[in-house]
Amino acid sequence: MITEKERAATAAGNHGSPTLDFGRATPYDEYVGTAVLHGLQRTVTDVPEERVFLVTTQVMELYFGLLRAEWRLAQRHLDGDDVTGATATLRRSVCHFEPLNAAWASLGRLTPQRFNLFRDQLGEASGFQSAMYRHVEFLLGNKSEPLTRPHRSVPGAYRELTEALAAPSLYDTALALLARHGYPVPAAVLERDLTAAYRPGAEVEAAWRAVYERGELVELAETLVDVAGRFAEWKHRHLLAVRRSMGAKPGSGGSSGLAWLERSLAREVFPELWTARTAM
Ligand code: HEM
């Protein structure tokens with residue numbers, strides 16, 4: 001903790017230069033945890049591209065955690081009927097996709113030959129096993145009980161994930177808000193089994209159309225479309241990275257690879273927000 005007054009006194013005493021002497025680790029190192037952070041790059045080969053692969057994955061993992069925090073906050077705003085707060089939080093989360101999606105560029109030139117130099121050493125490790133990513137998918141409404149199973153032996157992560165499976169997704173929370181604002185969201189949708197995959201329907205589509213006709217919650221709706229679009233971009237760029245670095249070979253996580261990922265990409269986030277547009 002440092003006050004404005006103390007900062008000014010330090011700057012005056014330093015005659016324009018930054019502070020250079022600390023009797024301990026720098027405050028930056030202490031705050032950021034740099035020693036721990038850099039110590040996490042435990043590569044298993046000397047292939048330079050493996051380091052690129054690991055750091056890119058770690059950076060993305062951090063962004064998944066950031067998105068989860070933002071979307072949970074947006075849900076709290078929506079539950080409290082604070083549409084302005086929810087929209088601002090969602091808009092900020094859309095900004096996080098800029099660096100997250102741009103991070104794919106680092107893997108853009110990974111050829112199959114270079115990937116093969118370290119791929120076997122990664123064993124069965126696959127991004128598919130990221131509990132944080134799965135949490136993000138659940139928050140977006142892509143619920144799936146079987147996909148919680150890889151995490152059963154890690155109690156903390158498993159508990160969080162099973163709670164997220166049974167909790168309303170961001171979309172469910174938005175639909176509940178629509179209903180409170182008088183839009184015709186059917187009770188069967190609001191009271192559905194939240195652990196099951198969301199099934200799109202004509203009534204919810206009509207409710208979104210009404211939102212666009214009345215104009216009141218359009219900015220919220222459009223920001224949700226931004227979220228869905230940027231997430232689809234992440235998936236698409238992942239798919240391209242996979243196709244480019246390993247073609248249609250089976251995945252390290254035991255799936256068919258490309259074909260499995262194509263099916264995952266086809267699952268639409270906030271589906272009626274897209275289909276409603278046909279009849280607008
Ligand atoms: C060139 C590099 C990459 C390749 C070849 C690759 C390959 C694959 C494959 C084949 C799958 C399907 C599951 C399986 O492993 O059988 C998968 C899933 C996945 N990968 Fe990657 N991956 C790469 C980079 C990354 C990076 C950097 C991340 C960041 C965390 C990531 C995150 C994921 C996630 C979250 C899934 C599950 C997707 C879903 O459920 O739809 N991948 N990956």
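Rundown of residues vs (1) aliphatic (A, V, I, L, M); (2) over 23 Å from the mean Cα position of the chain (by Cα), yes/no style:
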residue	(1), (2)
Thr19	no, yes
Gln41	no, no
Pro48	no, yes
Thr57	no, no
Met60	yes, no
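Those residues that are of a type in the set (Lys, Arg), outside any loop (DSSP other than H, G, I, E, B) and farther than 30 Å from Gly108 by Cα, I need them from the range 1-52; list them, please. Within the range 1-52, Lys5, Arg7 meet the criteria. Would you check which residues across the range 36-77 are within 20 Å of Ala167 (Cα to Cα) and near the ligand (Cβ under 10 Å from one of its atoms) and list them? If the condition is that a residue be within 20 Å of Ala167 (Cα to Cα) and near the ligand (Cβ under 10 Å from one of its atoms), then Phe64 is the only one that fits. Considering the range 1-30 alone, what residues qualify as being among the aliphatic types (A, V, I, L, M) and either exposed (fewer than 10 other Cβ atoms within 10 Å of the Cβ) or touching a strand residue (DSSP E or B) at 6+ places or on another chain (Cβ under 9 Å) (or both)? Listed by number, the residues that qualify are Met1, Ile2, Ala12, Leu20. Does Trp234 fit the bill of being assigned to a helix (DSSP H, G or I), buried (at least 18 other Cβ atoms within 10 Å of the Cβ) and either within 12 Å of the ligand (Cβ to nearest atom) or at positive phi (or both)? It is true that Trp234 is assigned to a helix (DSSP H, G or I), buried (at least 18 other Cβ atoms within 10 Å of the Cβ) and either within 12 Å of the ligand (Cβ to nearest atom) or at positive phi (or both). Exactly one residue out of Leu224, Leu177, Leu170, Leu217 is more than 16 Å from the ligand (Cβ to nearest atom), touching a residue at least 60 places away in the same chain (Cβ under 8 Å) and in contact with a His (Cβ under 8 Å, 6 or more places away or on another chain), and it is Leu217. Considering the conditions (1) more than 16 Å from the ligand (Cβ to nearest atom); (2) outside any loop (DSSP other than H, G, I, E, B), Arg244 is excluded by exactly one of them, (1). Restricting the range 78-93 to residues that are in a helix (DSSP H, G or I) and either surrounded by fewer than 20 Cβ atoms within 10 Å (Cβ to Cβ) or at pLDDT below 95 (or both), the residue that is nearest to the ligand (Cβ to nearest atom) is Arg92. Of note, Ala207 satisfies the criterion of being more than 30 Å from Val59 (Cα to Cα) and surrounded by 14 or more Cβ atoms within 10 Å (Cβ to Cβ).
Would the range 143-152 turn up any residue that is away from the ligand (no atom under 13 Å from the Cβ), modelled with pLDDT of 95 or more and not in a helix (DSSP H, G or I)? Checking the range 143-152: at least one residue is away from the ligand (no atom under 13 Å from the Cβ), modelled with pLDDT of 95 or more and not in a helix (DSSP H, G or I).
Gly253 meets the conditions (1) more than 9 Å from the ligand (Cβ to nearest atom); (2) not in a helix (DSSP H, G or I) in every case but one. The failed one is (1). Among the residues making up the range 111-124, a single one is near the ligand (Cβ under 9 Å from one of its atoms) and surrounded by fewer than 18 Cβ atoms within 10 Å (Cβ to Cβ): Glu124. Output the residues belonging to the range 256-280 that are small (Gly, Ala, Ser) and assigned to a helix (DSSP H, G or I). Of everything in the range 256-280, those that are small (Gly, Ala, Ser) and assigned to a helix (DSSP H, G or I) turn out to be Ala259, Ser264, Ala266, Ala276, Ala279. Considering the range 125-139, the residues that are assigned to a helix (DSSP H, G or I), within 9 Å of the ligand (Cβ to nearest atom) and of a type outside the set (A, V, I, L, M, F, W, C) include one that is surrounded by the most Cβ atoms within 10 Å (Cβ to Cβ), namely Arg134.
The values are calculated or read from the model by the stated rules, or taken from the named source; none is laboratory data. Source: prediction; values computed, not measured. Neighbour counts run over all protein chains shown; Cβ positions are idealised from the backbone, glycine included.
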